[in-house]
1. Quick check on my filter: what residues within segment 134-185 are among the acidic types (Asp, Glu) and either surrounded by fewer than 22 Cβ atoms within 10 Å (Cβ to Cβ) or part of a helix (DSSP H, G or I) (or both)?
2. What is the one condition in (1) β-branched (Val, Ile, Thr); (2) more than 24 Å from LEU113 (Cβ to Cβ); (3) modelled with pLDDT of 95 or more that VAL38 does not satisfy?
3. Within the bounds of segment 114-127, is there any residue that is touching a Phe, Trp or Tyr at 6+ places or on another chain (Cβ under 7 Å), closer than 23 Å to THR219 by Cα and modelled with pLDDT of 95 or more?
4. Taking interchain pairs and intrachain pairs at least six residues apart, which have beta carbon atoms under 9 angstrom, with the first residue in segment 86-105 and in a strand (DSSP E or B) and the second at pLDDT 85 or above and of a type in the set (Phe, Trp, Tyr)?
5. So which residues in segment 40-67 are in contact with a strand residue (DSSP E or B) (Cβ under 7 Å, 6 or more places away or on another chain) and part of a loop (DSSP other than H, G, I, E, B)?
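The values are calculated or read from the model by the stated rules, or taken from the named source; none is laboratory data. Every value quoted in this text rests on a predicted model; they were computed, and no experiment measured them. So basically every Cβ, Gly included, is an ideal-geometry build from the backbone, and we count neighbours across all protein chains shown.
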Amino acid sequence: MPVPVHALVHRPLTAEAVAELVALPYVPPVDEDDDAAVEAERRRRGWQWEDLVCESFRTGHGHVLCSEAFSPFGELQARAFLVFGELYPVDPDDERMLNGIWLNGYMKGWEQLPGWRGVRPATDQDCEAVLAQAAGAVTEALGAAPERTLLSAHTTSHGPALTHRVWRTPTHALILGTAADEGPYGHLTHLQLSSTPLTCAPDLPPATAGDQALADWITAHTEW
């Protein structure tokens, strides 16, 4: 039975957007202490500054990129994530949330981004459709299907269990799924593709290790 969601806002992920994220650690470095150089690279790429997720960028592909480094360019050890969807989940344990209006202003901020569209009301199946389309883009960009998948709600404080997918490059873990939006009360949820160094956690646990081991590995790469 579908799980209700107050609202879903998203912009489809593309193979080109994935390729740009994957390439960021390997491009010529731009010193984060050199504001003028960072600004020049931002302009060259056609990016905009964006404040929907802390101090972040809106890429030329229209998604929101957040990096733990002020300059995400050429930073092999920096963790980053690319937000292509925002989810306003229903909290079944809080009756005051049933009308689903108090965070609509935040959702409108996402919906007003160029190329983003909203679905109200939505369900977990709508969210899975967005994630499946994004998975196709990652598979196209990397030339490989995900190594592992996990249906879980462990990365968020509210909302339905959704599918997480894991890919690896020689140096980075790419994890497609959900993550808590730490901004408005920690209630909203990102649909995102994260790129983090494999050194953030031990090697990917084998399938025989069970779901909890994989969930812990995903958490080690996506929480920072």
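1. Those that are among the acidic types (Asp, Glu) and either surrounded by fewer than 22 Cβ atoms within 10 Å (Cβ to Cβ) or part of a helix (DSSP H, G or I) (or both): GLU140, GLU147, GLU182.
2. Status for VAL38: all satisfied but (2).
3. No: zero hits.
4. Sorted first by the residue in segment 86-105, then by its partner, the pairs are GLU86/TYR106; GLU86/TRP110; GLU86/TRP116; TYR88/TYR106.
5. Result: TRP47, LEU52, VAL53, CYS54, THR59, HIS63.
This table checks each residue for (1) touching a residue at least 40 places away in the same chain (Cβ under 8 Å); (2) out of contact with any Pro (no Cβ under 7 Å at 6 or more places or on another chain).
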{"site": "ALA153", "(1), (2)": "no, no"}
{"site": "ARG168", "(1), (2)": "no, yes"}
{"site": "HIS172", "(1), (2)": "yes, no"}
{"site": "GLY177", "(1), (2)": "yes, yes"}
{"site": "PRO197", "(1), (2)": "yes, yes"}
{"site": "ASP203", "(1), (2)": "no, yes"}
{"site": "THR219", "(1), (2)": "yes, yes"}
{"site": "THR222", "(1), (2)": "yes, yes"}
